[in-house]
């Protein structure tokens, strides 16, 4: 899930203290939070008075899934060829 806030460091601490894993994203103020619901993150932001500019679920599209599958298959293929 993508979370954007001007208080990213403070909110990352709040998330961690509540058992969630948050990592800094590529953009300033962006946090990536894994394995939770948007309602939980939104509630934590609200109860801790953290201003949010973005709160959205990320789901892989078909192209992303295809590239992940074929990327893994392509990485395994040279090892199998060299073992033969």
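Things to note:
- The stretch 8-26 - residue that is in contact (Cβ under 8 Å) with a residue 24 or more places away in the chain and farther than 17 Å from residue 58 by Cβ and, of those, surrounded by the most Cβ atoms within 10 Å (Cβ to Cβ): 11
- Summed over the stretch 13-26, residues that are touching a strand residue (DSSP E or B) at 6+ places or on another chain (Cβ under 8 Å) and either modelled with pLDDT under 90 or more than 18 Å from residue 53 (Cα to Cα) (or both) total 4.
- Pick from the stretch 27-48, criterion exposed (fewer than 14 other Cβ atoms within 10 Å of the Cβ) and not in a helix (DSSP H, G or I), ranking: modelled with the highest pLDDT: 37
The values are calculated or read from the model by the stated rules, or taken from the named source; none is laboratory data. Small disclaimer: the values here were computed from a predicted structure and weren't measured. Heads up, the Cβs are rebuilt from the backbone with ideal geometry, glycines too, and the neighbour counts pull from every protein chain shown.
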